[in-house]
1. For the subset of the stretch 113-162 comprising residues that are in a strand (DSSP E or B), among the aliphatic types (A, V, I, L, M) and touching a Ser or Thr at 6+ places or on another chain (Cβ under 9 Å), which member is farthest from A68 (Cα to Cα)?
2. How many residues does the stretch 1-60 hold that are open to solvent by 70 Å² or more (accessible area, probe 1.4 Å), within 27 Å of G121 (Cβ to Cβ) and either without any contact (Cβ under 8 Å) to a residue 40 or more places away in the chain or of a type outside the set (D, E, K, R) (or both)?
3. Run E361 past the list (1) open to solvent by less than 70 Å² (accessible area, probe 1.4 Å); (2) within 31 Å of the chain's Cα centre (by Cα); (3) at pLDDT 70 or above and report the number of the one that doesn't hold.
4. Report every pair of residues separated by at least 6 positions or lying on different chains whose Cβ atoms are under 9 Å apart, first residue within the stretch 406-429 and free of Cβ contacts under 8 Å to residues at least 12 places away in the same chain and closer than 10 Å to L368 by Cα, second open to solvent by less than 80 Å² (accessible area, probe 1.4 Å) and not β-branched (V, I, T).
5. D479: modelled with pLDDT under 65 and open to solvent by less than 100 Å² (accessible area, probe 1.4 Å), yes or no?
6. What are the residues in the stretch 273-316 that are in contact (Cβ under 8 Å) with a residue 24 or more places away in the chain and either in contact with a Cys (Cβ under 9 Å, 6 or more places away or on another chain) or polar (S, T, N, Q) (or both), if any?
7. What about L125, is it modelled with pLDDT of 90 or more and either under 23 Å from the mean Cα position of the chain (by Cα) or open to solvent by less than 40 Å² (accessible area, probe 1.4 Å) (or both)?
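The values are calculated or read from the model by the stated rules, or taken from the named source; none is laboratory data. This is a predicted model, so every value here is computed, not measured. Positions of Cβ are backbone-derived with ideal geometry, glycine not excepted, and every protein chain shown enters the neighbour counts. Accessible surface is based on the protein model in full, side chains and every heavy atom, while ligands, DNA and RNA are left aside. Shrake-Rupley method; radii C 1.70, N 1.55, O 1.52, S 1.80 Å.
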Amino acid sequence: MTTFVDRVELHVAAGNGGHGCASVHREKFKPLGGPDGGNGGRGGDIILTVDQSVTTLLEYHHSPHRKATNGKPGEGGNRSGKDGQDLVLPVPDGTVVLDKAGNVLADLVGHGTSYIAAQGGRGGLGNAALASARRKAPGFALLGEPGDLQDVVLELKTVADVALVGYPSAGKSSLISVLSAAKPKIADYPFTTLVPNLGVVTAGSTVYTIADVPGLIPGASQGRGLGLEFLRHVERCSVLVHVLDTATLESDRDPVSDLDVIEAELREYGGLDNRPRIVVLNKIDVPDGKDLAEMVRPDLEARGYRVFEVSAVAHTGLRELSFALGDLVAKARAAKPKEEATRIVIRPKAVDDAGFTVTREEVGGELLFRVRGEKPERWVRQTDFNNDEAVGYLADRLNRLGVEEKLMKAGARSGDGVAIGPEDNAVVFDWEPSVMAGAEMLGRRGEDHRFDAERPAAQRRRDKQAERDESLREYDEFDPFE
């Protein structure tokens, strides 16, 4: 059964925003108390967060589809809908988020680092929020926006200070088991290690992590063996350790040729030329291994490598090796630039930036004007096209934004097709200049003359007061001596 997964494709769906409510307050003796429709709730986000207790992407390999909850719709009585709950997905430290094309979206390193993979939709405004001095009684509300749908690729790159690389069965697992408290699987056959193993080593005042990368073979950078899958785990390491087998039973192999093959694969993979290297001649507890190590050591040192002769079985040379690695790790950490406080960068829009574009297109031999922009597309998504007043409100907003003026400048004429949105999801209509999408006969949108009319009880009180005033006036004018 698979227990370690370092690459998955994840399909995430954020929650949809709740629809706004169109409602009118009613109570005894007050049938039209004004709009009181509440706003819809926000849809939940999909958030990837680094969790140190998670070491594999196995959970998402078995369940690649994840969805956040939707926002609740608004209700009458100015009651807003409940926001959808965010879905937080824990990922291992060192996870890289990519899109389907391979572009890096986020590099999640460090506990608590997070990235919003899919944004929840906004909730629609209720008619109470749409009311104003000029629009006292909106008979419509805005729809909630749909949440984002994203397909992302998660790749795990092990976060370690030191990487042990070498041929299968070179003794990397044995070495990490004696340098640290890690307990990897150890056997005398190739490809024993199928997953990267991590261990923590203490060398004086320096504490560092060491990774046992599964064995590489010729052609690993092109996909042979397990190399291509796990070469990415070497990228974040500060120091590379070549573990060379001095007791191999294969007649066509020797430590120097093994080193040349692994170095060629690392160069082919790319990006690792500046990492300091150390060569470890392992298995010197074997008599022939000790002789071979003494034979090849001068050649390796002549190439500029620092060479250590060790035996994981006999625990020989391990202390010197651990302190040498600790010294290199400390120097690499000191050479790293200090992290600066996050700077807030404000990028104001240009004065002449309308926030949308109008382009001419030929579709099926007919002229089409396409409007693209964040605001127009969002307003279209929020509009209930079954409500004439809502459609008219959309037309008013687009007109105020300057869409109609820009269409005229682009050469649009009455009856031309206009599309708002991308090709696969656009609203298309025949354009009529200065006509509010068929809702012009409704008068000013959001006005209800019933709110301007006096209520019957108030009118009766006013009539009675007028009668009393008339009686008093006649009494004052009465003269009994006439």
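1. Filtering the stretch 113-162 for residues that are in a strand (DSSP E or B), among the aliphatic types (A, V, I, L, M) and touching a Ser or Thr at 6+ places or on another chain (Cβ under 9 Å), the one farthest from A68 (Cα to Cα) comes out as V162.
2. Qualifying residue count, the stretch 1-60: 2.
3. Going through (1) open to solvent by less than 70 Å² (accessible area, probe 1.4 Å); (2) within 31 Å of the chain's Cα centre (by Cα); (3) at pLDDT 70 or above one by one, E361 breaks only (2).
4. none
5. Judged against the criteria, D479 is a match.
6. R275, N282, S311, T316 - these are the residues of the stretch 273-316 that are in contact (Cβ under 8 Å) with a residue 24 or more places away in the chain and either in contact with a Cys (Cβ under 9 Å, 6 or more places away or on another chain) or polar (S, T, N, Q) (or both).
7. No.
Residue by residue, here is whether (1) of a type in the set (D, E, K, R); (2) modelled with pLDDT of 90 or more; (3) over 47 Å from the mean Cα position of the chain (by Cα) holds:
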{"residue": "N282", "(1), (2), (3)": "no, no, no"}
{"residue": "K290", "(1), (2), (3)": "yes, no, yes"}
{"residue": "D299", "(1), (2), (3)": "yes, yes, yes"}
{"residue": "A302", "(1), (2), (3)": "no, yes, yes"}
{"residue": "T316", "(1), (2), (3)": "no, no, yes"}
{"residue": "A324", "(1), (2), (3)": "no, yes, no"}
{"residue": "A330", "(1), (2), (3)": "no, yes, no"}
